[in-house]
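Every number in this text was worked out from the coordinates using simple rules, so none of it is lab data. Since the model is a prediction, treat every value here as computed from it, not as a measurement. Ideal geometry is used to build each Cβ from the backbone, glycine not excepted, and the neighbour counts take in all protein chains shown.
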Amino acid sequence: MKKKTTAKSAKKELKMKKGEKYVCDSCGMAVTVDRACECGACDIICCGENMRMADCCC
């Protein structure tokens, strides 16, 4: 039987973790998460847009 993805479980998967790296596609700024919050899914905004998780260790 297939496991359904609920909104709650999807939100849990989006939670940031310590050590993850994010980069801005507009200006190239990169950040590393030192301490993640406990609120669930979060966004890091730069240049007015969400930063994306870095593909490598930039």
Pairing a residue in region 27-45 that is closer than 17 Å to residue 56 by Cα with any residue that is assigned to a strand (DSSP E or B) and basic (Lys, Arg), where Cβ atoms lie under 9 Å and the two sit 6 or more apart in sequence or on different chains, gives 30/21; 31/21; 32/21; 33/21
Looking across region 27-39 at residues that are surrounded by 11 or more Cβ atoms within 10 Å (Cβ to Cβ) and not in a strand (DSSP E or B), the single one that is farthest from the chain's Cα centre (by Cα) is 29
